[in-house]
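Worksheet: one structure, shown below.
The values are calculated or read from the model by the stated rules, or taken from the named source; none is laboratory data. These numbers come from a predicted model, not from an experiment. Positions of Cβ are backbone-derived with ideal geometry, glycine not excepted, and every protein chain shown enters the neighbour counts. Note: accessible area is taken over every heavy atom of the protein model, side chains too, but ligands, DNA and RNA are not part of it. Shrake-Rupley method; radii C 1.70, N 1.55, O 1.52, S 1.80 Å.
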Amino acid sequence: MALCLFNSLQRRVEAFTPLFPEADAIGFYCCGPTVYDFGHIGNFRTFVFADLLRRYLEFRGHRVNHVMNITDVEDKIIRQVAATGLSLAEFTGKYTDAFLADLATLSCLKPHHLPKATDYIPQIIDLIERLEKRGIAYRAGDGSVYFSINKYRGCGCRYGQLVTLDPEAQRQTERVSGDSYDKDNLADFALWKARVPGDGVVFWESPWGEGRPGWHIECSAMSMALLGPSFDLHLGGEDLAFPHHEDEIAQSEGTGLQQGGRPFVKHWVHAAHLLVDGKKMSKSLGNFFTVRDLLNKGFQGREIRFLLISAHYRETFNFTLEGLEASRSALARLDSTVAQLTERAGAANPDNTLAPSPFEIAFTEALDDDLNVSKAWAVIFDWVRETNAALATGSLSPAAAAERLHAWRRVDGVMGLGARPQEEAPAEALALLEKRNAAKAARDFAQADAVRNELKALGWTVEDSKSGSKLKRL
Ligand code: AMP
Ligand code: ZN
């Protein structure tokens, strides 16, 4: 079977096939963060999903050229820069660094390119000039440049590819200057915004005078500059389908740069929202947690990642701290099996010539099915149960344990949970270790065993060696 994904453009699940089978890599673009604040874990649900899809494409043998932009100029940023008195670069730099650190905390592979919109002003201007030459972009009275939906449609292009627009809304007459608007306000949107006093020092020279780009054109310029006018995969949260992605298609295809009847993007993939009490987690509702908030509560990045990839990407998913606790327990079960396998395998090496195990085959079948993580987790936890049973009977040879570990590492290359970090033993466990050492020295083995059991209840085991005894996490 091939990897199948829901393509928002076709509104159905279809096999993923590269647009250019001979190309070195798949072109993969995910709309990145708007760096005006710390990202919340709703945002990171989308980015972790993008990481999962990238890892799975690589697991399936594709090379991926992963681009994630950093939106470092748009309406919200301009307002904040004006309010703080910082320079644009100082203000956005702080949140860009924080974003990249959070991405690493959640074990996301670094995208190959992280273009910043402000580094692509010439490419943005070039696209707008092309649209202007084709009569699709026009100048409004205030000096801003707008995209004409009617002119675009007049060229035989379709506006309304990702979303179904209601016929009433299609009789659009107005213009919108803001970066966000909804489907019911279908309107010509800004490509270049003429400088206004509120913009402060944030402006660039252009053929239309001083101003700044609209948000939507930034992504068209960065994606096409790095991946070409037609590429394979474009991702983002479901809220971006309209107007952001619809406008990206219109601006990109409006330039006529695509060749051979190819579209701007072949597969559009949208991730559903993370909810809190049934509502979208968002800054404006104030119902959000940042990654940092959760780390401060004592959770690990890999526990947060586990939770974020526990539900199917097309299902909305309700975040609770109890859910995060449950992820912690599930991950601890997995960690314990992997730790026992590592111990049993010792120095044995897996036989790399073996065909994929039934475990890997079942895992692949699950994720081929539109990244069905629920099925994949069921496969993983069946494997945990079965491995625990084999470990318990003592029937697993070191070589067999090494093979199981090898299969797990391949699967984890996709899930990205990584090894459990070495934990410092708490004072309580260290005190018990001393008590046990004292009992042993006094040859009170019954007492030493009793303390060992107390340690076990805390999740620690004692390893004795010539250099002394030390604690190890169970
Ligand atoms: P922003 O920084 O607001 O541009 O958003 C960055 C990404 O996070 C976009 O792909 C959004 O669609 C996505 N996003 C925003 N809120 C949520 C949420 N509650 N759940 C999942 N994704 C979200
Ligand atoms: Zn975008």
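Things to note:
- Residues (over 22 Å from L274 (Cα atoms) and in contact with a Gly (Cβ under 7 Å, 6 or more places away or on another chain)) located in segment 8-60: G27, F59
- Qualifying positions in segment 66-101 - more than 15 Å from the chain's Cα centre (by Cα) and among the polar types (S, T, N, Q): T71, Q80, T84, S87, T92, T96
- Residue count, segment 394-446 (criterion: open to solvent by less than 60 Å² (accessible area, probe 1.4 Å), touching a Lys or Arg at 6+ places or on another chain (Cβ under 8 Å) and within 17 Å of L341 (Cα to Cα)): 4
- Residues satisfying the criterion are present in segment 31-54 (criterion: of a type in the set (F, W, Y), within 30 Å of P197 (Cβ to Cβ), open to solvent by 60 Å² or more (accessible area, probe 1.4 Å) and within 11 Å of ligand 1 (Cβ to nearest atom)).
- Test: G286 is more than 16 Å from ligand 2 (Cβ to nearest atom), surrounded by fewer than 22 Cβ atoms within 10 Å (Cβ to Cβ) and closer than 19 Å to N43 by Cα: yes
- T17 vs. criteria of a type outside the set (F, W, Y) and either under 18 Å from the mean Cα position of the chain (by Cα) or under 28 Å from Y120 (Cα atoms) (or both): no
Every residue, every condition in (1) closer than 25 Å to L106 by Cα; (2) in the same structural domain as S357 (by TED's automatic domain parsing); (3) in a helix (DSSP H, G or I); (4) in contact (Cβ under 8 Å) with a residue 24 or more places away in the chain, yes or no:
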site: R420; (1), (2), (3), (4): yes, no, no, yes
site: K435; (1), (2), (3), (4): no, no, yes, no
site: A438; (1), (2), (3), (4): no, no, yes, no
site: Q447; (1), (2), (3), (4): no, no, yes, no
site: R452; (1), (2), (3), (4): no, no, yes, no
site: A457; (1), (2), (3), (4): no, no, yes, no
site: V462; (1), (2), (3), (4): no, no, no, yes
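- Residue-level analysis places G254 among those that are in the same structural domain as K151 (by TED's automatic domain parsing), crowded, with 18+ Cβ neighbours inside 10 Å and in contact (Cβ under 8 Å) with a residue 40 or more places away in the chain.
- Output for segment 58-94, where each listed residue is in contact with a strand residue (DSSP E or B) (Cβ under 8 Å, 6 or more places away or on another chain), of a type outside the set (V, I, T) and either surrounded by fewer than 23 Cβ atoms within 10 Å (Cβ to Cβ) or without any contact (Cβ under 8 Å) to a residue 60 or more places away in the chain (or both): E58, H62, R63, N65, H66, M68, D72, E74, K76
- Condition broken by P122, with the remaining ones in (1) touching a residue at least 24 places away in the same chain (Cβ under 8 Å); (2) surrounded by fewer than 19 Cβ atoms within 10 Å (Cβ to Cβ); (3) in a helix (DSSP H, G or I) satisfied: (1)
- Scanning segment 314-366 for residues that are surrounded by 14 or more Cβ atoms within 10 Å (Cβ to Cβ), among the hydroxyl-bearing types (S, T, Y) and over 30 Å from T290 (Cβ atoms) yields T337, T342, S357, T364.
- L240 being away from ligand 1 (no atom under 13 Å from the Cβ), closer than 30 Å to F20 by Cβ and either of a type outside the set (V, I, T) or not in a loop (DSSP other than H, G, I, E, B) (or both): no
- Test: residue in segment 32-43 that is within 16 Å of ligand 2 (Cβ to nearest atom), under 12 Å from the mean Cα position of the chain (by Cα), hydroxyl-bearing (S, T, Y) and more than 18 Å from F264 (Cβ to Cβ): no
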